[in-house]
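A.B. asks: Just passing along the structure, written as structure tokens.
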Amino acid sequence: MKWVLIVVGLLLVLICAVVIVGLLLPKLHAASRRAKYNRPAEEVWEVISDLLTHAEWRRGVIEMKRVEDQGDKAVWKEVRRRGDSISYLVEESEPPRKLVTRIVNNRQFGGTWTWEIEPVDENQCMLRITERGEIYNPIFRIVARYFMGYTGVMDTCLTDLAAKYGEPVEFVE
């Protein structure tokens, strides 16, 4: 019985420590990744701005569907392989250079992804994804900061785009 109380006590201390560390971490973060593609900027724009087709080239995304707009902003629901989903609206679209999406209706995290395309020449471009995020749950803050990293999803997305073109990803910076 004594050992059970010790183990339970240690687990409670560990849980409290994790929550306290999570509360001390900043709720807001910013991260950015950039990759080079052997494709014209307009071609990359067509792929990233056609949100309906993201499930065709992004690992982990099994379905994209349009849901009820918020005002004049288009809202999309991204259904993931794990069964969870994220809804986001298109906050800004400047073809063929910039797309900004914002997460909506999520109690765990929020923020924006800004996709910016910079032509290198007529057959190459750079795509930068910048995340300005908020993580409301202190335990998720620890996971994002120390285990997943703030750029993990961006890295996967940029890699998946390169794979769609049959080329390896070339991260820049």
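Throughout, read-outs are computed from the coordinates displayed, never taken from laboratory work. As the structure is a computational prediction, the values presented were derived from the model and not from experiment. For neighbour counting, all protein chains shown are included, and Cβ atoms are generated from backbone atoms with ideal geometry for every residue, glycine included.
A.B. asks: Build a GNM of the chain with springs between Cα atoms under 10 Å: which of Val90, Val143, Val100 gets the top mean-square fluctuation?
C.D. replies: Looking only at Val90, Val143, Val100, the largest GNM fluctuation is found for Val143.
A.B. asks: What's the FRET efficiency of Arg80 with Val8 using the Cβ-Cβ distance as r and R₀ = 25 Å, to the nearest 0.05?
C.D. replies: Working: r = 35 Å, r/R0 = 1.40.
After rounding, the FRET efficiency stands at 0.10.
A.B. asks: At a Cα cut-off below 22 Å, give the lysines reachable from Lys77, other chains included and same-chain residues fewer than 8 away excluded.
C.D. replies: Answer for Lys77, where 22 Å is the Cα cut-off: Lys65, Lys98, Lys164, listed by chain and number.
A.B. asks: At Ala17 and Asp155, where each label point lies 7 Å from the Cα along Cα→Cβ, what is the point-to-point distance in nanometres?
C.D. replies: Placing both labels 7 Å along Cα→Cβ, they lie 2.7 nm apart.
A.B. asks: A further question follows. Among the helices of the chain (complete DSSP H runs), which have Cα atoms covering no less than 30 Å along the helix axis and a Kyte-Doolittle mean of at least 0.5? Present the calculation step by step, with values, prior to reporting the outcome.
C.D. replies: On the way: long enough: 2-24 (33 Å, 2.97).
Once both thresholds are applied, what remains is 2-24.
A.B. asks: Could you rank the peptides 73-85, 4-16 by their average count of other C-beta atoms within 10 Å per residue, with the highest value first? It would help to have the intermediate numbers written out before the result.
C.D. replies: Numbers: 73-85: 14.3, 4-16: 9.8.
Result, highest mean Cβ count within 10 Å first: 73-85, 4-16.
A.B. asks: Could you check the spin-label model distance between Glu91 and Tyr146? Points 7 Å from the Cα along Cα→Cβ, value in nm.
C.D. replies: 2.9 nm
A.B. asks: Can I ask one more? Grab the DSSP H runs of the chain that are 4 residues or longer, score each as -39,500 (n - 2.57), total them, divide by all residues and round the 222 nm result to the nearest 500 deg cm²/dmol.
C.D. replies: On the way: 5 runs with 54 residues, N = 173.
Roughly -9500 deg cm²/dmol at 222 nm, from the helical runs in the chain.
A.B. asks: Still on this structure, please answer the following. Over the chain, one equal point on each Cα, no solvent: what is log10 I(q)/I(0) by the Debye formula at q = 0.09, 0.15 Å⁻¹?
C.D. replies: -0.39, -0.89
A.B. asks: Could you tell me which residue out of Val4, Ile135, Ile117 lies farthest along the dipole of segment 2-172 toward its positive end? Charges go on the beta carbon: Lys and Arg +1, Asp and Glu -1, centred on the Cα centre.
C.D. replies: Going by the charge dipole, the pick is Val4.
A.B. asks: Find out how many positive minus negative residues lie around Gly133, taking Lys and Arg as positive, Asp and Glu as negative, among other residues whose Cβ is under 13 Å from that of Gly133.
C.D. replies: Summing Lys/Arg as +1 and Asp/Glu as -1 gives +3.
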